[in-house]
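Note sheet for the following structure.
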Amino acid sequence: MYDGYDLSDTKILVRSSVYDPKYIMPSQTTFIININLAPVDGSIDMLVTRGTALMTEYSLVLKDFKDVDSPFSYRYGFYVDQKDYDYEV
């Protein structure tokens, strides 16, 4: 697999060609995939370190992250059980 990624360029050009022996010309398509790289160089602090899921209010503090494709937002979630996690992944 290709491993020469330039992290300053978050686009990948994909070119595909499909050939059907019944026809003379192959079908070709080109498209660009925009990659959203993860933010870097920041820290996450949890203000409450003990509690009960769905009962305790937890606070996450995110500081000093840098991202080349700003603006960005944060999302937090959890899985109720392994089945939900397996479905998501």
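The values are calculated or read from the model by the stated rules, or taken from the named source; none is laboratory data. All of these numbers come straight from a predicted model, not from anything done at the bench. Quick reminder, even Gly has a Cβ in these numbers, built from the backbone with ideal geometry, and neighbours come from all protein chains shown.
Below is a table of values for the structure above.
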| read-out | value |
| --- | --- |
| Near pairs, Cβ below 7 angstrom, 6+ apart or cross-chain, from region 24-37 (under 22 Å from residue 68 (Cα atoms)) to any residue that is surrounded by fewer than 10 Cβ atoms within 10 Å (Cβ to Cβ) and at pLDDT 80 or above | 31/14; 32/13; 33/14 |
| When residues of region 30-50 are limited to those that are charged (D, E, K, R) and within 20 Å of residue 75 (Cβ to Cβ), the one surrounded by the fewest Cβ atoms within 10 Å (Cβ to Cβ) | 41 |
| Test: residue in region 50-57 that is in a loop (DSSP other than H, G, I, E, B) and within 17 Å of the chain's Cα centre (by Cα) | no |
| Flag for residue 64 being surrounded by fewer than 10 Cβ atoms within 10 Å (Cβ to Cβ) and in contact with a strand residue (DSSP E or B) (Cβ under 9 Å, 6 or more places away or on another chain) | yes |
| Tally, over region 21-38, of residues that are at pLDDT 80 or above, outside any strand (DSSP E or B) and not basic (Lys, Arg) | 1 |
| Looking only at region 58-70, and only at residues there that are under 28 Å from residue 81 (Cα atoms) and at pLDDT below 85, the one that is nearest to the chain's Cα centre (by Cα) | 62 |
| Some residue of region 80-89 being surrounded by 10 or more Cβ atoms within 10 Å (Cβ to Cβ) and assigned to a loop (DSSP other than H, G, I, E, B) | no |
